[in-house]
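J.: Following this message is one structure expressed as structure tokens.
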Amino acid sequence: MSIGRIAWFLAASLFLLLNAHPAGAAPESIRGKARAMDGDSLRVGRSEVRLWGIDAPEFDQSCDRDGRTWDCGRAARAALASRVDGRVIVCVPRDRDAYRRAVSVCHVDGRSLNDWMVRQGWAVDYRRYSGGAYAAAERQARKAQRGIWSGRFERPDRYRQRHRAR
């Protein structure tokens, strides 16, 4: 078996494992018009949704590019908004967070928003929760210097931790 086939088999197995649900326990999808709240959370109809497995800069977070500060948190929200605002999306909940949001994998036009945000460089793979599901998308964004990878930034989880300590 070639390395390419092995990689494909492992990726397909990981996808099935991450998206499998016990018989009879398939979560009910959340479907509706979406509005971006920040770079990794949405309002879909009346539901609040957190994108599973990714972490975007906090709304008030700044990054550095070419020695200048820019509002990367607002830019991440704008990127998500450009992809979803006013459009019907489908989210499949995987968990609930401390704020009772449905932590979900969401799709618009059949394409994963979670993957799109990481691939475009507006979020990072939140390995702690994703198990590396978006690692390849993150490598691609970093190599192409897209979004937050166009300069220096503090990982969002570290930023939150540092600002909570104040």
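The values are calculated or read from the model by the stated rules, or taken from the named source; none is laboratory data. On a predicted model such as this, the values are computed, not experimentally measured, just so you know. Methodologically, a virtual Cβ is constructed for each residue, glycine included, from the backbone with ideal geometry; neighbour enumeration extends over all protein chains shown. Side chains are part of the model used for accessible areas, which takes the heavy atoms of the whole protein and leaves out ligands, DNA and RNA. Shrake-Rupley method; radii C 1.70, N 1.55, O 1.52, S 1.80 Å.
J.: Could you check how many residues of the range 126-148 are within 20 Å of Leu51 (Cα to Cα), out of contact with any strand residue (DSSP E or B) (no Cβ under 8 Å at 6 or more places or on another chain) and open to solvent by less than 100 Å² (accessible area, probe 1.4 Å)?
T.: Total meeting the criteria: 6.
J.: For the range 61-82, which positions are open to solvent by 50 Å² or more (accessible area, probe 1.4 Å) and out of contact with any helix residue (DSSP H, G or I) (no Cβ under 6 Å at 6 or more places or on another chain)?
T.: Ser62, Asp64, Asp66, Gly67, Arg68, Thr69, Asp71, Arg74, Arg77, Ala78, Ser82
J.: Further question on the same structure: For the range 33-65, enumerate the residues that are closer than 13 Å to Phe153 by Cβ and part of a loop (DSSP other than H, G, I, E, B).
T.: Gly39, Ala56, Pro57, Glu58, Gln61, Ser62
J.: Those residues that are touching a residue at least 60 places away in the same chain (Cβ under 8 Å) and open to solvent by 50 Å² or more (accessible area, probe 1.4 Å), I need them from the range 93-121; list them, please.
T.: Arg94
J.: Which residue pairs have Cβ atoms under 6 Å apart, sit 6 or more places apart or on different chains, and have a first residue in the range 47-59 that is within 13 Å of Val84 (Cβ to Cβ) and in contact (Cβ under 8 Å) with a residue 12 or more places away in the chain and a second that is part of a strand (DSSP E or B) and open to solvent by less than 10 Å² (accessible area, probe 1.4 Å)?
T.: Here the result reads Val49/Leu42; Val49/Cys91; Val49/Ala102; Val49/Ser104, each pair linking the range 47-59 to a residue that is part of a strand (DSSP E or B) and open to solvent by less than 10 Å² (accessible area, probe 1.4 Å).
J.: Shifting gears a bit: Do any residues in the range 79-92 that are within 14 Å of Gln120 (Cα to Cα) have Cβ atoms under 6 Å from those of residues that are assigned to a strand (DSSP E or B), where the two are at least six apart or on different chains, and which pairs are they?
T.: Matching pairs, first to second residue: Leu80/Ala36; Ala81/Ala36.
J.: Can you tell me how many residues within the range 30-44 are open to solvent by 50 Å² or more (accessible area, probe 1.4 Å) and out of contact with any helix residue (DSSP H, G or I) (no Cβ under 8 Å at 6 or more places or on another chain)?
T.: 3
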